[in-house]
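Asker: One structure, pasted below without further comment.
The values are calculated or read from the model by the stated rules, or taken from the named source; none is laboratory data. Quick caveat: nothing in here was measured; it's all calculated off a predicted structure. Quick reminder, even Gly has a Cβ in these numbers, built from the backbone with ideal geometry, and neighbours come from all protein chains shown. Calculation scope for accessible area: heavy atoms of the full protein, side chains included, ligands and nucleic acids excluded. Shrake-Rupley method; radii C 1.70, N 1.55, O 1.52, S 1.80 Å.
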Amino acid sequence: MKGVFAMLIRPIRFSAFIGSYPVVSAIFLAQWLLFAAMRLPVLPTQTLYEALSGVNLYIAQGEIWRLVSPVFVHIDFSHLLLNSFSLLLLGPCLERLAGKWKFILLYFGCGCGANLASFFLLPLTYSHAGASGALFGLIGAYVALVWVGEDIPKTSRQTILSIAVISVVTAMMQPGANHTAHLSGLVAGMLLGGMLLQRKAASPA
């Protein structure tokens, strides 16, 4: 796993990025296309938001797709921009390390886990949208690598744990944010990351 964490900051051409990280690229594109569609005059923002956001009452009535769809929905441009930047920063290294299918399971497993926690722990009237739960899951997966990755340099371990702590503290200070999704996504990422990345982390570079 030598040099893996250098991918977090290594520059890469756009075409090469898509070829190297197809899942991250597809998620990124889906988020932006959906956000653009929400701004089309024929599809007002509220129409798509109401159909895809995580409304606990509707989930209880059987609309279980809302446990997944909120991962793609963003309310405003700043929300989309922040989550997209986080995806591009955190996702490529894990997609390379875990492989496409395990990364898909990790990302959407954490997103669904965060949405499930929001459903069970928050009122039926609560609604939410955004990829924060899935992204915190990626942070949790990096934390898991600290435990299962024996050859991770000490400086990288410190960086990972520092990012995790700063992210949690920053998120908890945001008024109106879904802290339940953040924390549950982080825990889901630690658990799933520990299971999905262990073999990869234990293999030689």
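Asker: Just a yes or no: is a residue in the range 147-156 crowded, with 19+ Cβ neighbours inside 10 Å, in contact (Cβ under 8 Å) with a residue 12 or more places away in the chain and over 27 Å from F17 (Cβ atoms)?
Answerer: no
Asker: I would also like to ask the following. Does any residue of the range 120-131 turn out to be surrounded by fewer than 21 Cβ atoms within 10 Å (Cβ to Cβ) and in a helix (DSSP H, G or I)?
Answerer: yes
Asker: Right, next: If you check every pair at least six apart or on different chains, which have Cβ atoms under 6 Å apart with a residue in the range 10-27 that is under 13 Å from R96 (Cα atoms) and at pLDDT 85 or above first and a residue that is open to solvent by less than 50 Å² (accessible area, probe 1.4 Å) and among the acidic types (D, E) second?
Answerer: Pairs that qualify, where the first residue is under 13 Å from R96 (Cα atoms) and at pLDDT 85 or above and the partner is open to solvent by less than 50 Å² (accessible area, probe 1.4 Å) and among the acidic types (D, E), are Y21/E95; V23/E95; V24/E95.
Asker: Next up: Give me a count of the residues in the range 95-109 that are out of contact with any Phe, Trp or Tyr (no Cβ under 7 Å at 6 or more places or on another chain), open to solvent by less than 50 Å² (accessible area, probe 1.4 Å) and in a helix (DSSP H, G or I).
Answerer: Residues in the range 95-109 being out of contact with any Phe, Trp or Tyr (no Cβ under 7 Å at 6 or more places or on another chain), open to solvent by less than 50 Å² (accessible area, probe 1.4 Å) and in a helix (DSSP H, G or I): 7 in total.
Asker: Could you check how many residues of the range 98-125 are among the hydroxyl-bearing types (S, T, Y) and at pLDDT below 95?
Answerer: Initial filter on the range 98-125 (among the hydroxyl-bearing types (S, T, Y)): 107, 118, 125.
Checking the rest, the ones that are also at pLDDT below 95 come to 125.
Here the count works out to 1.
Asker: Sticking with this one: Would you say E63 is at pLDDT 90 or above and acidic (D, E)? Break it down stepwise before answering.
Answerer: Numbers: at pLDDT 90 or above: yes; acidic (D, E): yes.
So E63 fits the description; yes.
Asker: Sort out which residues of the range 39-66 are part of a loop (DSSP other than H, G, I, E, B) and farther than 26 Å from F103 by Cβ, and write them in order of number. Working first, answer last.
Answerer: Taking the range 39-66 as the starting set, the residues that turn out to be part of a loop (DSSP other than H, G, I, E, B) are 39-44, 53, 61-63.
Across the range 39-66, the qualifying residues are R39, L40, P41, V42, L43, P44, Q61, G62, E63.
Asker: Go through the range 88-103 and count every residue that is touching a helix residue (DSSP H, G or I) at 6+ places or on another chain (Cβ under 6 Å) and either charged (D, E, K, R) or under 23 Å from L48 (Cβ atoms) (or both).
Answerer: Looking only at that region, the number is 3.
Asker: A follow-up question, please. Filter the range 13-28 for residues that are over 18 Å from the mean Cα position of the chain (by Cα) and small (G, A, S) and give the result.
Answerer: Result: S15, A16, G19, S20.
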